[in-house]
Amino acid sequence: MTDTSAPYAIVRVGGKQYKVAKGDSIVVDRVAAAEGAHIDLVPLAVRDESGEMRAGKAAHAKVKAIVVEHLLGDKIDVFTYKPKSTFKKSHGHRSRLTRLDIDAIDIASQKEKKSGS
């Protein structure tokens, strides 16, 4: 669980949104990256140390994550039948998932970006 006073970000991964802070571990749909790879996530909104929540800061923020492992979700069994006949069909499904560790949330203001260039 994230600390409410710590900075956090809302990121989009695989069409879903997650609230993350530094040190968090999240399980998302399979990401096309090797285990141990460093990836950048797309921030939608960020909250800084002062408690200000702004979506505009997300354009200058970077959320970095490490791919810890690829795993399979729980098995889902699906059984279909039609009454008054002998039609029965059974199949299953396991979601392909990836565990990510949030390495850093870098919040850079627009002034810092301009002066750094």
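For the criterion of being more than 19 Å from the chain's Cα centre (by Cα), surrounded by 12 or more Cβ atoms within 10 Å (Cβ to Cβ) and at pLDDT below 95, A108 passes. Elements of the type strands (runs of 3 or more DSSP E) sitting completely within the stretch 1-101 and holding at least 2 residues that are in contact (Cβ under 8 Å) with a residue 40 or more places away in the chain: these cover 8-13, 16-21, 25-29, 38-47, 61-72. Taken over the stretch 7-23, the criterion of being surrounded by fewer than 17 Cβ atoms within 10 Å (Cβ to Cβ) and out of contact with any Pro (no Cβ under 9 Å at 6 or more places or on another chain) is satisfied by G14, G15, K16, Q17, K19, G23. On inspection, D29 does not qualify as closer than 30 Å to A108 by Cα and surrounded by 15 or more Cβ atoms within 10 Å (Cβ to Cβ).
The values are calculated or read from the model by the stated rules, or taken from the named source; none is laboratory data. These numbers come from a predicted model, not from an experiment. Reconstructed Cβ throughout: ideal geometry from the backbone, glycine too, with neighbour counts over all protein chains shown.
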